[in-house]
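Readers should treat all values here as calculations from the given coordinates under stated rules, not as data from a laboratory. Just so you know, these numbers come straight off a predicted model, no measurement behind them. Cβ placement follows ideal geometry from the backbone for every residue including glycine, while neighbour counts extend to all protein chains displayed.
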Amino acid sequence: MTEAAARTNLLDLDRAGLERFFAETLGEKRFRAHQVMKWIYHQHVTDFSQMTDVGKALRAKLETHAEIRPPSVQFDKPSADGTHKWLLGMDAGNAIETVFIPDKGRGTLCVSSQVGCGLNCQFCSTATQGFNRNLSTAEIIGQVWVASRHLGNRAHVHRKLTNVVMMGMGEPLLNFDNVVRAMSLMRDDLGFGLANKRVTLSTAGLVPMIDRLGAESDVALAVSLHAPNDELRTQLVPLNRKYPIAELMAACVRYLRQRRKGESITFEYTLMKGVNDDPATARELARLMRRFCNEVQYADAAKVNLIPFNPFPGTRFERSDEATIRAFQKILLDAGVLTMVRRTRGDDIDAACGQLKGQVMDRTRRQAEFRKKLEREGLSHEAA
Ligand code: SAH
């Protein structure tokens, strides 16, 4: 293996990993790792020679064993409403999207966790791309790095970048370790310093992984619900067949029981005309949410986020009418359920929820290559 190939991308390591790398690979003290983290995440420096408080000898060791390689920006597109979208190049022609959404006093970055997605939710454009692979920690935290460099050093201190939502392409709980490591860098003071509650992981409902997240991390949880009963939800979110609503809600109860009192779970609900937007369905959703709040014994344990459907080419769904959306919200509010309607942002640059597509390399070719790799390594059933 060449030296270059053996270099560790420091963006792949969280604080604990970096400390280990400094101790074990470089034979250096932990505080050196902390100095380098500040250069990377507070100053956006990728060149060791610019790290002026790091001694020459250590800089030379770093050049040999490490690199700081953020994803490359393929293009960069501002929207009329202040939203900003980046297309970031990954390996092998793949690209993923990251979206920044500024709002009064806060700025939210929507981060991707996979190239494509394998869950096949019927109303989401990422699903039409298929699944290629998980993103590495460097590729996930690299999205925040690119946005924060664009916004200026210490963007979180200046309240430009205040929130991250793992609501871009992919299912974050299917890329658990890399996502948890990246979320730890988002919240680390030597990283992006975001408050725990301002980093949100959104899932289509992988029950066992929700439990694992509750045990291993401390972030806010959002659950993509989209329907209050199994019959409808299974049509929209095929994963519901494996983890039906009762099991999902029970996992949400367990998740909140592990958190501090007063925390809530956001339930996302994409409103589609004539599909899940009628008053009876709203009442059924309200009952489900009330039952959940009763179980965790906190009246505001559920927040419902209504998302008017964003269309994309080839979809059979349509956005609900404004009056229908308001009526749906009112039923929930009247039942005492905190309910917001998410204002659509960035749709002029296809950066709105469910419009992210990136560029996912052809799956068939990838699968053929994967089979060849297995054969080479003597792991293929066919070769045996
Ligand atoms: N896989 C995770 C993370 C992706 S976030 C999850 O399912 O939660 C996806 C969010 O985008 C979903 O909550 C959904 O509400 C929203 N979404 C997907 N497609 C959409 C569309 N076409 N219009 C509006 N919202 C959409």
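Within the listed set G105, G193, G116, the Gaussian network model of the chain (springs between alpha-carbon atoms below 10 Å) gives the highest mean-square fluctuation for G105. The loop-placed chymotrypsin sites (Phe, Trp or Tyr not before Pro) in the range 1-80, going by DSSP, include none that has at most 12 neighbouring Cβ atoms within 10 Å of its Cβ.
If you wrap the Cα atoms of the range 28-107 in a convex hull and average its projected area over all directions, you get 7.7 nm². Scanning residues 5 or more positions from L206 or on other chains, none has an amide H under 5 Å from its amide H, with H placed 1.01 Å from N in the peptide plane.
DSSP bridge analysis restricted to the chain gives an antiparallel fraction near 45%, rounded to the nearest 5. Based on the Stokes-Einstein relation at 25 °C and a viscosity of 0.890 mPa s, and on the Kirkwood radius from alpha carbon pairs, the range 137-221 is assigned a translational diffusion coefficient of 188 µm²/s.
State to the nearest 20 debye the size of the charge dipole of the range 3-67 about its Cα centre, where the only charges are +1 on K and R beta carbons and -1 on D and E beta carbons. Here the size comes out at about 260 debye. Over the C-alpha trace of the range 61-123, radius of gyration and Dmax come out as 15.5, 50 angstrom.
Result for the chain in a Gaussian network model with C-alpha springs under 10 Å: among E19, E171, E97, the largest mean-square fluctuation is at E19. Computed over the range 1-69, the P(r) curve from all C-alpha pair distances, binned at 10 Å from the origin, holds 21, 62, 16, 0 percent per bin. GNM remark for the chain: springs join alpha carbons under 10 Å apart, and the peak mean-square fluctuation among A282, A182, A335 falls on A335.
Length, then width, then depth: along the principal axes, the Cα atoms of the range 72-373 run 48, 42, 40 Å. Specify the inter-centroid distance of the range 29-55 and the range 92-116, based on alpha-carbon positions, in whole Å. Between the Cα centre of the range 29-55 and that of the range 92-116, the gap is 26 Å. Applying the Karplus relation 6.51 cos²θ - 1.76 cosθ + 1.60 with θ = phi - 60° to the range 45-51 yields 3J(HN,Hα) values of 8, 10, 10, 4, 5, 8, 7 Hz, where x marks Gly and Pro. Only alpha carbons enter this Debye calculation for the range 191-336, each as an equal point scatterer, and the log10 of I(q)/I(0) it gives at q = 0.14, 0.20 Å⁻¹ is -0.68, -1.27.
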